[in-house]
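Below: one structure, written as structure tokens.
The values are calculated or read from the model by the stated rules, or taken from the named source; none is laboratory data. All of these numbers come straight from a predicted model, not from anything done at the bench. All Cβ positions, even for glycine, are placed from backbone atoms using ideal geometry, and neighbour counts span all protein chains on display.
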Amino acid sequence: MANNYRNGTSNRSSLAKTDRPLSVNSNSKPAVKSKSFPASGPRKSSPASLGSAAVAKDYAGVPGRVRVAVRLRTRNAEEMVADADFGDCVELLPELKRLKLRKNNWDAETYEFDEVLTEFASQKRVYQAVAKPVVESVLDGYNGTVMAYGQTGTGKTYTLGPLGEEDPATRGIMVRAMEDILAGVSLDTDSVTVSYLQLYMETIQDLLDPTNDNISIAEDPKTGDVSLPGATLVEIRDQHSFVELLKLGEAHRFAANTKLNTESSRSHAILMVHVKRSVEGRDVAHSGEIGNNSHMVKTLKPPIVRKAKLVVVDLAGSERIDKSGSEGHTLEEAKSINLSLSALGKCINSLAEGSAYVPVRDSKLTRLLRDSFGGTARTSLVITIGPSPRHRGETASTILFGQRAMKVENMLKLKEEFDYKSLARRLDIQLDKLIAEHERQQKAFENEIERITIEAQNQISETERNYADALEKERLKYQKDYMESIKKLEERWKINQQKQGSDRIMVRSEDDCSDGSMASIVGELTEVKKLLLKETQLRKAAEEEVNNLKIQVAQWKRSEASGNTEIFKLRQMLEDEAHQKKKLEEEIALLQSQLLQISFEADETRRRLDRGESGKIPGGLDSLTQVRQPQLKDAGNGEKASIAKLFEQVGLQKILSLLEAEDADVQIHAVKVVANLAAEESNQEKIVEAGGLTSLLMLLGSSEDETIHRVAAGAIANLAMNETNQELIMTQGGIGLLSTTAANAEDPQTLRMVAGAIANLCGNDKLQLKLRGEGGIKALLGMVRCGHPDVLAQVARGIANFAKCESRASTQGTKTGRSLLIDDGALPWIVQNSNNEASPIRRHIELALCHLAQHEVNAKDMISGGALWELVRISRDCSREDIRTLAHRTLTSSPAFQAEMRRLRIDY
Ligand code: ADP
Ligand code: MG
């Protein structure tokens, strides 16, 4: 068969070779590593092979050819009558997975499919053969597509759409897929959301919100991911609400099509199911106890989520629309109606033939399905055909479409990413816990201090009161006793006086009485003495009592003093607490900066992975080539926002201050964060203003660590894209620092960063002499020792930049004499690499050669160094026309080259 896409053979030859399995995988594309799949049946998704254990491997992608099933519809009532005299135009051989298409009564062509579904195939069997493996893949984290293609009336909608409310056996793929998805997720941690759309005349309408009738497609320029930010997204929590949603969508579709005066067979219906699942068992941060924060910092790992998308597409009828506009459409409209479907056909042809260019951008449908064909999704196509010989032409073209689709190879990739939002949420919770705990402790200490102080004061005042009371009592008692004694003495004295008066009278009359009265006086005196003695004793006892009280007061005073030391101790504990809190806060800041770093790294990794790079270390420094790319405007990207928030919280100054940290780990983290920030053009000015450039240059000189050198040099390279920064780098001795770093570096990536930085500086006209004077060109040439193509490419770029500026200066007359590049000995390397097989190296060198050759002063050295041959080769063989022309012009306008070519008899 001449047709290289067709799998069919003539009836006769296929009969003869019916045992030979027809190659379903006869793809001649050189680019695809064609893994051999089992020749029959769509591959079953096995969780064992695609599950989490195989994550690392899956990043690289698993080949997955588009699977195609063919489904035949029974004769309908009209065909029973109209075609009663004719046989079906197809014959199915399901057990051989073959289909015969009758050309006429004696000739047929045989085709092989992944699955051949007869008119008796049940809806359940169709689901299991066509869609179930895709649904299982989606649950495992891979994008998936199920699509129906075929002529109107052959059963596309019957295959995909029925809700089965009256007869559950008729349920179609959409309903059954959602049942399996809901059974496979856990709604506590996972989510399922749905959009339902119609694409008609290159306009996307929202079937869940009819007012939303012109939805645009957004493409992530970095990852190529396609999304519809304007489409209504409804979260599905049970099957019933999904069925209701489909009904609503159908009702809106009917209303919209009535309004547009068209039929649903002219439009494509697209159901998108987004499944987001969190992957458990990999999350170690939870184990970090609050008391062990440094441990927590070290083991911080964000949880992982898988976000996969199932797209189910009920395509418009594949039959050609009558272009005469007989259905009320103008020719232009008819073209537009057909556009998406014919673009899909073209894309599938290109992919099947392995051509380098696939016209994905030609239509909205192909843009929406770019991941489904030739992308990362598992795709299953069901083509529907009818039996009627009257539609043989349409049936044949449907079969050919299916055959070509079978040749499309996809590269299945796991859609897995870190869930920074939940990590940030968890950190917030931990932070709040720490703050609450701290507050509780602080409050408890304060209460304790207050209680002890009050108790001590109460004791003191009670003691003082007791003392005063006792003192007063004693005083009163003694006063009373004293007064009484005085009174008694006075009375006695009075009595004595009276006695003495009468005694004197009696003495004069009877002298003999005097002896008796003397005796009574002496007796009284003894009594008074006794009383005095008693008084003295009482006083003594009172003094003792007072002394005791004094001792007691002293004791109280002592206990008060010890109360004070207790208070002092508590104060100190409080201060320790405050200190501890400060430390915690510092650790949290560090934690946040690490989180920021991890986020950037993950982001970078994802970008690399999506670009298909296999780099192991997420250095985030590919920005050398990326930095000029426009930022993704439509962020839609929660992580970015939360990173920005964290960055705000931690603050640039804080991050820059960490560059001088003593802990090498912290320093590495900090420099990576700064490097990542420097990769965004919008941050560069802030970083330079805050002294970041100076700090980075200093790090080159002060640090011994090669990782730090590599990352710092990468950041400098990014900052060196701007002219002002280039001058700053030069005035701060940047060339010397970069040269030393290059001389000591072993890692090619370090050399690449350094070379990139110098290459950027080489492109500044004003810095030429200084750069060369400080050894910039020598440093560049020194780096070629490592031989790594990435490094060589940067060196070549630097040389090309330098040569361009020099050439400009020569033309303007500000430079005379031979090229400084030649002076510094660059020519031999240039000549040697001008035909390097790596195109980035070759391109730069070719340009450098052309610049050098434009100035006659260089011609002699170039001729003797062999550069003339290279120029001739470039002017003939270079694939870029502009460079070819430049080389040619240079050769023909240089008298020295002309003379040499004549001498060598080169016919030019
Ligand atoms: P399409 O969407 O391709 O235009 P439909 O799914 O609307 O076709 O099918 C057209 C008609 O044929 C419908 O009435 C449908 O019920 C019926 N039909 C299609 N396929 C089958 C089938 N396999 N078994 C029974 N009826 C079918
Ligand atoms: Mg239909």
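With within 31 Å of the chain's Cα centre (by Cα) and under 20 Å from Thr379 (Cα atoms) as the only criterion, which of Gly150, Gly184 stands out? Walk me through it before giving the result.
Working: Gly150 fails: within 31 Å of the chain's Cα centre (by Cα).
Matching residue, one of Gly150, Gly184: Gly184.
Please state which of the following conditions Asp190 fails to meet, knowing it meets all the rest: (1) under 29 Å from Ile348 (Cβ atoms); (2) touching a residue at least 40 places away in the same chain (Cβ under 8 Å).
If we test Asp190 against (1) under 29 Å from Ile348 (Cβ atoms); (2) touching a residue at least 40 places away in the same chain (Cβ under 8 Å), just (1) comes out false.
Restricting attention to the range 827-858, which residues are surrounded by fewer than 21 Cβ atoms within 10 Å (Cβ to Cβ), hydrophobic (A, V, I, L, M, F, W, C) and assigned to a helix (DSSP H, G or I)?
Those that are surrounded by fewer than 21 Cβ atoms within 10 Å (Cβ to Cβ), hydrophobic (A, V, I, L, M, F, W, C) and assigned to a helix (DSSP H, G or I): Trp829, Val831, Val857.
Just for the range 97-129: of the residues that are under 23 Å from Gly161 (Cα atoms) and either within 16 Å of ligand 2 (Cβ to nearest atom) or small (Gly, Ala, Ser) (or both), which one is surrounded by the most Cβ atoms within 10 Å (Cβ to Cβ)?
Within the range 97-129, the match that is surrounded by the most Cβ atoms within 10 Å (Cβ to Cβ) is Val126.
Tally the residues that are within 16 Å of ligand 2 (Cβ to nearest atom) and not hydroxyl-bearing (Ser, Thr, Tyr), restricting the search to the range 153-174.
Here is the first cut: in the range 153-174, the residues within 16 Å of ligand 2 (Cβ to nearest atom) are 153-163, 170, 172-174.
Adding the requirement that they be not hydroxyl-bearing (Ser, Thr, Tyr) leaves 153, 155-156, 160-163, 172-174.
Of the residues in that region, 10 qualify.
Consider Leu197 carefully, then state whether it is out of contact with any Lys or Arg (no Cβ under 6 Å at 6 or more places or on another chain), hydrophobic (A, V, I, L, M, F, W, C) and within 16 Å of ligand 2 (Cβ to nearest atom).
Details: out of contact with any Lys or Arg (no Cβ under 6 Å at 6 or more places or on another chain): yes; hydrophobic (A, V, I, L, M, F, W, C): yes; within 16 Å of ligand 2 (Cβ to nearest atom): yes.
Judged against the criteria, Leu197 is a match.
Do you know which residues across the range 109-130 are of a type in the set (A, V, I, L, M, F, W, C), assigned to a helix (DSSP H, G or I) and touching a Pro at 6+ places or on another chain (Cβ under 9 Å)? Talk me through it step by step, then tell me what you get.
Within the range 109-130, the first condition is being of a type in the set (A, V, I, L, M, F, W, C), and the residues that meet it are 113, 116-117, 120-121, 126, 129-130.
Restricting the remaining residues to those that are assigned to a helix (DSSP H, G or I) gives 126, 129-130.
Within the range 109-130, Ala129, Val130 meet the criteria.
Would you confirm whether or not the range 217-225 contains a residue that is more than 16 Å from ligand 2 (Cβ to nearest atom), at pLDDT below 95, surrounded by 15 or more Cβ atoms within 10 Å (Cβ to Cβ) and of a type in the set (Val, Ile, Thr)?
no
Which residues, counting only those in the range 679-717, are in contact with a His (Cβ under 7 Å, 6 or more places away or on another chain) and more than 13 Å from Ile668 (Cβ to Cβ)? Walk me through it before giving the result.
Going residue by residue through the range 679-717, those that are in contact with a His (Cβ under 7 Å, 6 or more places away or on another chain) are 700, 703.
Once the filter is applied, which keeps residues that are in contact with a His (Cβ under 7 Å, 6 or more places away or on another chain) and more than 13 Å from Ile668 (Cβ to Cβ), the range 679-717 yields only Leu700.
Looking only at residues in the range 156-188 that are part of a helix (DSSP H, G or I) and surrounded by fewer than 14 Cβ atoms within 10 Å (Cβ to Cβ), which one is farthest from ligand 1 (Cβ to nearest atom)? Can you show your working first?
Narrowing the range 156-188 to residues part of a helix (DSSP H, G or I): 156-160, 168-170, 173-184.
From the residues that got through so far, the ones that are surrounded by fewer than 14 Cβ atoms within 10 Å (Cβ to Cβ) too are 168-169, 183.
Details: Pro168: 15, Ala169: 11, Ala183: 26 Å.
Looking at the filtered set, the residue picked out is Ala183.
If I ask for residues that are farther than 20 Å from Glu446 by Cβ and aromatic (Phe, Trp, Tyr), which ones from the range 549-575 would you list?
Hit for the range 549-575 is Trp556, nothing else.
Which of the residues that make up the range 71-88 are among the small types (Gly, Ala, Ser) and touching a residue at least 12 places away in the same chain (Cβ under 8 Å)? Step through it out loud before you land on a result.
The first filter runs over the range 71-88 and keeps only residues among the small types (Gly, Ala, Ser), leaving 77, 82, 84, 87.
Within the range 71-88, Ala82, Gly87 meet the criteria.
Given the criteria closer than 30 Å to Val66 by Cα and basic (Lys, Arg), does Lys415 qualify? Steps first, answer last, please.
Working: closer than 30 Å to Val66 by Cα: yes; basic (Lys, Arg): yes.
Considered against the rule, which asks whether it is closer than 30 Å to Val66 by Cα and basic (Lys, Arg), Lys415 comes out as yes.
Taking the range 672-701 only, how many residues are over 25 Å from the mean Cα position of the chain (by Cα) and assigned to a helix (DSSP H, G or I)?
Looking only at that region, the number is 11.
Taking the range 131-155 only, how many residues are away from ligand 1 (no atom under 13 Å from the Cβ) and part of a loop (DSSP other than H, G, I, E, B)?
Let us first name the residues in the range 131-155 that are away from ligand 1 (no atom under 13 Å from the Cβ), namely 131-146.
With the extra rule that they be part of a loop (DSSP other than H, G, I, E, B), the set shrinks to 141, 143.
Final tally of qualifying residues: 2.
Does Gly150 count as crowded, with 16+ Cβ neighbours inside 10 Å and within 16 Å of ligand 2 (Cβ to nearest atom)? Can you show your working first?
Working: crowded, with 16+ Cβ neighbours inside 10 Å: yes; within 16 Å of ligand 2 (Cβ to nearest atom): yes.
Taking the combined requirement at face value, the residue satisfies it.
Among the residues of the range 471-491, is any surrounded by fewer than 16 Cβ atoms within 10 Å (Cβ to Cβ) and under 38 Å from the mean Cα position of the chain (by Cα)?
Checked against the condition, which is being surrounded by fewer than 16 Cβ atoms within 10 Å (Cβ to Cβ) and under 38 Å from the mean Cα position of the chain (by Cα), the range 471-491 yields no hits at all.
Take Met730 and decide whether it is at pLDDT 90 or above and either surrounded by fewer than 22 Cβ atoms within 10 Å (Cβ to Cβ) or not in a helix (DSSP H, G or I) (or both).
Numbers: at pLDDT 90 or above: yes; either surrounded by fewer than 22 Cβ atoms within 10 Å (Cβ to Cβ) or not in a helix (DSSP H, G or I) (or both): yes.
Yes: the conditions hold for Met730.
Could you look through the range 261-283, keep only residues that are more than 16 Å from ligand 1 (Cβ to nearest atom) and out of contact with any strand residue (DSSP E or B) (no Cβ under 7 Å at 6 or more places or on another chain), and pick out the one that is modelled with the highest pLDDT?
Of everything passing the filter in the range 261-283, Asn261 is modelled with the highest pLDDT.
Check whether at least one residue in the range 90-104 is under 20 Å from Gly386 (Cβ atoms), without any contact (Cβ under 8 Å) to a residue 40 or more places away in the chain and either assigned to a loop (DSSP other than H, G, I, E, B) or within 36 Å of the chain's Cα centre (by Cα) (or both), and report yes or no.
No, the range 90-104 has no match at all.
Within the range 776-809, take every residue that is under 20 Å from Lys766 (Cα atoms) and touching a Gly at 6+ places or on another chain (Cβ under 7 Å) and give me the one that is surrounded by the most Cβ atoms within 10 Å (Cβ to Cβ).
It comes out as Leu780.
Check the range 319-335 and report whether any residue there is within 16 Å of ligand 2 (Cβ to nearest atom), surrounded by 19 or more Cβ atoms within 10 Å (Cβ to Cβ) and modelled with pLDDT of 75 or more.
No, the range 319-335 contains no residue that is within 16 Å of ligand 2 (Cβ to nearest atom), surrounded by 19 or more Cβ atoms within 10 Å (Cβ to Cβ) and modelled with pLDDT of 75 or more.
Please work out which one of (1) crowded, with 22+ Cβ neighbours inside 10 Å; (2) under 28 Å from Lys415 (Cα atoms); (3) more than 33 Å from the chain's Cα centre (by Cα) is the condition Ser355 fails and give its number.
That leaves (1) as the condition not met.
Which one of the conditions (1) within 30 Å of Ala218 (Cα to Cα); (2) polar (S, T, N, Q); (3) not in a loop (DSSP other than H, G, I, E, B) does Ser397 fail to meet, given that it meets all the rest?
Failed condition: (1).
Against the conditions (1) more than 20 Å from the chain's Cα centre (by Cα); (2) hydrophobic (A, V, I, L, M, F, W, C); (3) more than 16 Å from ligand 1 (Cβ to nearest atom), where does Phe418 fall short? Just the number, please.
If we test Phe418 against (1) more than 20 Å from the chain's Cα centre (by Cα); (2) hydrophobic (A, V, I, L, M, F, W, C); (3) more than 16 Å from ligand 1 (Cβ to nearest atom), just (1) comes out false.
With the requirement that a residue be more than 16 Å from ligand 2 (Cβ to nearest atom) and closer than 17 Å to Ser397 by Cα, what does the range 73-91 give you?
From the range 73-91, those more than 16 Å from ligand 2 (Cβ to nearest atom) are 74-75, 77-91; that's our starting set.
Those that are more than 16 Å from ligand 2 (Cβ to nearest atom) and closer than 17 Å to Ser397 by Cα: Asp88, Cys89, Val90, Glu91.
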